[in-house]
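Peer 1: I have a structure here, written as structure tokens, and I will follow up with some questions on it.
The values are calculated or read from the model by the stated rules, or taken from the named source; none is laboratory data. These numbers were taken from a predicted model, which means no experiment stands behind them. In this analysis, Cβ positions are derived from the backbone assuming ideal geometry, glycine residues included, and neighbour counts consider all displayed protein chains.
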Amino acid sequence: GENVEQHPSTLSVQEGDSAVIKCTYSDSASNYFPWYKQELGKRPQLIIDIRSNVGEKKDQRIAVTLNKTAKHFSLHITETQPEDSAVYFCAASNLGSARQLTFGSGTQLTVLP
Amino acid sequence: ETGVTQSPTHLIKTRGQQVTLRCSSQSGHNTVSWYQQALGQGPQFIFQYYREEENGRGNFPPRFSGLQFPNYSSELNVNALELDDSALYLCASSLEGTGANVLTFGAGSRLTVL
């Protein structure tokens with residue numbers, strides 16, 4: 001089955017700096033890669049996703065890049081703000097299968113004011 | 001439009017007992033997935049229900065079972081509870097046929113097994 005590894009497990013940045021979180025996956029059949037943000041005690045919320053037919057996607061301060069050959073994808077947050085502090089999870093799945101997402105172990109991002 | 005709602009929000013059980021968790025899917029969604037999130041870990045897929053049938057299952061034993069009702073709501077049942085079942089149980093709904101695994105999560109049910 002699919003295995004997703006996520007690094008780093010914790011990340012602290014100064015407000016205004018950029019943050020990068022990286023994930024690798026094992027199953028070459030995976031073709032959908034979402035990122036979820038989970039604030040303490042709250043539900044995971046989708047912040048951006050990418051399919052394997054594109055290499056990059058942006059949404060304001062957030063971007064995701066995908067390297068299918070190397071089987072890794074990354075989340076980039078620019079101009080970080082204190083409200084970006086949360087746990088971020090990457091995930092992977094095969095669009096042709098059931099809605100089964102395999103998640104990474106999460107990255108605790110802390111944005112220092 | 002209503003979101004995904006789960007009940008109860010918190011509960012405490014003892015080892016060997018049984019528990020039922022409930023989930024109402026987001027309006028317009030027809031598929032429900034259940035995930036287990038242990039403390040400090042990412043969610044792990046338990047199973048998914050579509051058209052009232054199990055449609056995919058993760059690496060969980062048979063004592064984890066579920067139901068989906070005609071209104072697309074769902075239940076997760078866990079029998080013979082073990083200490084390691086202590087976790088946040090997340091329900092997520094989606095719309096089959098959209099071609100994307102866009103899941104909308106509920107806030108979860110926090111289960112503690114003593």
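Peer 1: Considering the stretch A:50-61 alone, what residues qualify as being under 17 Å from A:Asp27 (Cβ atoms) and either in contact with an Asp or Glu (Cβ under 6 Å, 6 or more places away or on another chain) or not in a loop (DSSP other than H, G, I, E, B) (or both)?
Peer 2: Across the stretch A:50-61, the qualifying residues are A:Ile50, A:Arg51.
Peer 1: A further question follows. Whether any residue in the stretch A:3-16 is in a strand (DSSP E or B), more than 13 Å from A:Val87 (Cα to Cα) and either touching a Lys or Arg at 6+ places or on another chain (Cβ under 8 Å) or modelled with pLDDT under 95 (or both) is what I want to check.
Peer 2: no
Peer 1: Failed condition for B:Ser94, given (1) away from chain A (no Cβ under 14 Å); (2) surrounded by 21 or more Cβ atoms within 10 Å (Cβ to Cβ); (3) among the hydroxyl-bearing types (Ser, Thr, Tyr), with all others met?
Peer 2: That leaves (1) as the condition not met.
Peer 1: I've got another one for you. Across the stretch A:1-60, which residue is nearest to B:Tyr35 (Cα to Cα) among those that are of a type in the set (Ser, Thr, Tyr) and surrounded by 15 or more Cβ atoms within 10 Å (Cβ to Cβ)?
Peer 2: Of everything passing the filter in the stretch A:1-60, A:Tyr36 is nearest to B:Tyr35 (Cα to Cα).
Peer 1: Name the single residue, out of those in the stretch B:25-48 being aliphatic (A, V, I, L, M) and part of a loop (DSSP other than H, G, I, E, B), that is nearest to B:Ser73 (Cα to Cα).
Peer 2: By that ranking, first place goes to B:Ala38.
Peer 1: Sticking with this one: Cβ-Cβ under 6 Å, sequence separation 6+ or interchain: first residue in the stretch B:54-76 and closer than 21 Å to B:Glu96 by Cα, partner in a loop (DSSP other than H, G, I, E, B) and among the aliphatic types (A, V, I, L, M). Which pairs?
Peer 2: As it stands, the answer is B:Asn55/A:Ala98; B:Gly56/A:Ala98, since those pairs meet every condition given.
Peer 1: Still on this structure, please answer the following. Between B:Leu114, B:Leu67, which is in contact with a Lys or Arg (Cβ under 9 Å, 6 or more places away or on another chain), of a type in the set (A, V, I, L, M) and more than 11 Å from chain A (Cβ to nearest Cβ)?
Peer 2: None of the other options fit; the residue is B:Leu114.
Peer 1: Which one of A:Ser74, A:Ser28, A:Ser52, A:Ser12 is of a type in the set (Gly, Ala, Ser) and within 13 Å of A:Leu109 (Cα to Cα)?
Peer 2: Step by step, each of A:Ser74, A:Ser28, A:Ser52, A:Ser12 is checked, and only A:Ser12 is of a type in the set (Gly, Ala, Ser) and within 13 Å of A:Leu109 (Cα to Cα).
Peer 1: Separate question: State which residue pairs qualify: first residue within 11 Å of chain B (Cβ to nearest Cβ) and of a type in the set (Phe, Trp, Tyr) and inside the stretch A:29-51, second residue crowded, with 18+ Cβ neighbours inside 10 Å and in a strand (DSSP E or B) in any location, beta carbons under 6 Å apart, and separation of 6 or more residues or different chains.
Peer 2: A:Tyr32/A:Ser93; A:Phe33/A:Ile50; A:Phe33/A:Phe73; A:Phe33/A:Ala92; A:Tyr36/A:Phe89
Peer 1: If you don't mind, there's one more thing I want to ask. How about the stretch B:1-24: which of its residues are in a strand (DSSP E or B) and in contact with a helix residue (DSSP H, G or I) (Cβ under 9 Å, 6 or more places away or on another chain)?
Peer 2: If the condition is that a residue be in a strand (DSSP E or B) and in contact with a helix residue (DSSP H, G or I) (Cβ under 9 Å, 6 or more places away or on another chain), then B:Lys13, B:Val19 are the ones that fit.
Peer 1: Restricting the stretch A:62-113 to residues that are β-branched (Val, Ile, Thr) and assigned to a loop (DSSP other than H, G, I, E, B), which is surrounded by the fewest Cβ atoms within 10 Å (Cβ to Cβ)?
Peer 2: For the stretch A:62-113, the residue satisfying everything is A:Thr69.
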